[in-house]
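The values are calculated or read from the model by the stated rules, or taken from the named source; none is laboratory data. This is a predicted model, so every value here is computed, not measured. Ideal geometry is used to build each Cβ from the backbone, glycine not excepted, and the neighbour counts take in all protein chains shown.
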Amino acid sequence: MLPLHDARAVRAMEAVSTRDVDGDEDALMHRAGLACWRALLRRWPAAQRIAIACGPGNNGGDGYVLALHALLAGRDVTVVRLAAHAPSTASARRACAAFDAAGGGFEDFDDDGTSEGAAMTRDTASPRTALHRAELLVDAVFGLGLSRAPDAATTALLRALARAGTPVMAIDVPSGVDADTGDVPGDALTAVLTLQLLARHVGLHSGAALGYVGELAFDGLDDAAPPAVSQPPAAWLLRPPALAAVLPSRGRNSHKGDGGHVLCIGGDHGHGGAVLLAADAALRCGAGLITVATRTAHVGSLLARRPEAMAWGIDDLHGDEALARLLGAASVVAIGTGLGQGSWGRALFAAALGASRPLVIDADALQLLARDPALLPADAVLTPHPGEAGRLLGLTAADVQRDRRASARQLAERHGCVVVLKGAGTIIAAPGRTPRVVGAGNPGMAVGGMGDLLTGTIAAMRAQGLDAFDAACHGALLHAAAGDAAAADGGERGLLPSDLLPWLRRGANPGARP
């Protein structure tokens, strides 16, 4: 896992780092600018014409230092800025002055985003600014402090920068993106590469931000903030290598009971495939026994597709003891996939809630919970997408997406259990635990049925002995990593949930041969 920090923590780390260099504020800025220059050279070693958009703060100061390094290396460098965006901090002013003294060029923009700088030339058709001639644009307009939409003048500048169509390298965060929440409240630049300095920024790993950051790189500035004084993380980033330490290898004398018994409940009329996908995932992730409780009409086709599962037809719940027996035998219950919200689904959900079994609650069961809130066991796992999370919180999906980490934590506190907030950069939260962010997954997974696989995957992890939080974390990570492997094998577009099944099996056995 990698620590993710918010802006408050990063500022505290900056203060410690400045103190450690005898209070020299310029020293840390020079480290940052040099790190940016090195990152630029690694990615674009042949770039000769470079435009660097600088804002008034220390992020802009990092840009001025980068500009000086590029200028001294013989590159054609121009600083682009709003006419009113003169450096506002002492360190940024000194960095700007050093670039100016070395013969650096500037191009200022009016409030409407039109260039008036000395670097502008004219041909017979239109202005050819340094920005439009550049092979690369470096975004050093905003730092970590943005929490609102840019003002009108800055919006005009950002739009002018975007219209140039030049590849963008962002320093710390693409301008317009909130580094704490990942929200994009107005216009923002889309980067090819974002270099995070000193700390990895929590908001850049989930939600809307992922559409703007491009490749995320990191430079700790030579460990400027020693571990002894670094701040507690706002979240931890989960990456696929963590899967190697999830489940122990099985003993030679293992039996099916050691893998646990998952009961998948769902599949109302017209939705039999959903519960089958959950069962498939649970089997491929190592559960020893799988039982499916579904509509009788689905039993034949389910067994024809997956004979390894035990299937029970449950239609008439009045006086039928079959469901009670199934619940009593289960190690964990996965409920909601294709459950429906009619009387049949409501009755099954009520029975599951009363069974005193670990629960993984998804899809229609979440809708039922939102309509009729119930007391949940502390080891329950909820797996909502943003719309379902919004209904549980009385918010819109857009409200949830504006701060996914806060929404997941609020939902976990409200229901007193584990929450897996699905989406780009899935977030796992639980009362008293630092949230986890899944650093895997891809847009090809945005298709019906992927959530059903996730439900079965988490249930299998739980059945094999992981506690609710660890099962949610590692199940979500395994699911996302399987999606990436399947996409690498055939592409994102047209990716089906069933395409992940072989990769789920491989991911659950990280030591196995490919």
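Out of Ala15, Ala95, Ala83, I need the residue that is under 24 Å from Ala188 (Cα atoms) and of a type outside the set (Ser, Thr, Tyr). Which one?
Ala83
Against the list (1) hydrophobic (A, V, I, L, M, F, W, C); (2) surrounded by fewer than 19 Cβ atoms within 10 Å (Cβ to Cβ); (3) under 27 Å from Gly270 (Cβ atoms), the condition Ala398 fails is (3).
Check whether at least one residue in region 437-457 is under 18 Å from the mean Cα position of the chain (by Cα), buried (at least 24 other Cβ atoms within 10 Å of the Cβ), in the same structural domain as Asp364 (by TED's automatic domain parsing) and more than 30 Å from Val292 (Cα to Cα), and report yes or no. Within region 437-457 (the criterion being under 18 Å from the mean Cα position of the chain (by Cα), buried (at least 24 other Cβ atoms within 10 Å of the Cβ), in the same structural domain as Asp364 (by TED's automatic domain parsing) and more than 30 Å from Val292 (Cα to Cα)), the answer is yes, since at least one residue qualifies.
A quick yes/no check of all residues on (1) under 14 Å from Gln196 (Cα atoms); (2) of a type in the set (Phe, Trp, Tyr); (3) buried (at least 20 other Cβ atoms within 10 Å of the Cβ):
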position: Met1; (1), (2), (3): no, no, no
position: Asp6; (1), (2), (3): yes, no, yes
position: Glu14; (1), (2), (3): yes, no, yes
position: Ser17; (1), (2), (3): no, no, yes
position: Ala32; (1), (2), (3): yes, no, yes
position: Cys36; (1), (2), (3): yes, no, yes
position: Pro45; (1), (2), (3): no, no, no
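For Pro431, the conditions (1) assigned to a helix (DSSP H, G or I); (2) over 13 Å from the mean Cα position of the chain (by Cα) are fulfilled apart from (1).
In this structure, does Ile335 turn out to be β-branched (Val, Ile, Thr) and under 19 Å from Met450 (Cβ atoms)? Spelling it out, Ile335 is indeed β-branched (Val, Ile, Thr) and under 19 Å from Met450 (Cβ atoms). Determine whether region 441-451 contains at least one residue that is of a type outside the set (Asp, Glu), touching a residue at least 60 places away in the same chain (Cβ under 8 Å), more than 21 Å from Ala234 (Cα to Cα) and not in a loop (DSSP other than H, G, I, E, B). Checked against the condition, which is being of a type outside the set (Asp, Glu), touching a residue at least 60 places away in the same chain (Cβ under 8 Å), more than 21 Å from Ala234 (Cα to Cα) and not in a loop (DSSP other than H, G, I, E, B), region 441-451 yields at least one hit.
Tell me, which helices (runs of 4 or more DSSP H) wholly within region 1-108 include 1 or more residues that are touching a residue at least 40 places away in the same chain (Cβ under 8 Å), small (Gly, Ala, Ser) and not assigned by TED's automatic domain parsing to the domain that holds Asp222?
Result: empty, no element qualifies.
Listed by first and then second residue, the pairs with beta-carbon distance under 6 Å, at least 6 apart or on different chains, first residue in region 384-399 and under 19 Å from Ala363 (Cβ atoms), second hydroxyl-bearing (Ser, Thr, Tyr), are Ala389/Ser407; Gly390/Thr396. Does Gly494 satisfy the condition of being at positive phi, part of a loop (DSSP other than H, G, I, E, B), at pLDDT 95 or above and surrounded by fewer than 24 Cβ atoms within 10 Å (Cβ to Cβ)? Yes: the conditions hold for Gly494.
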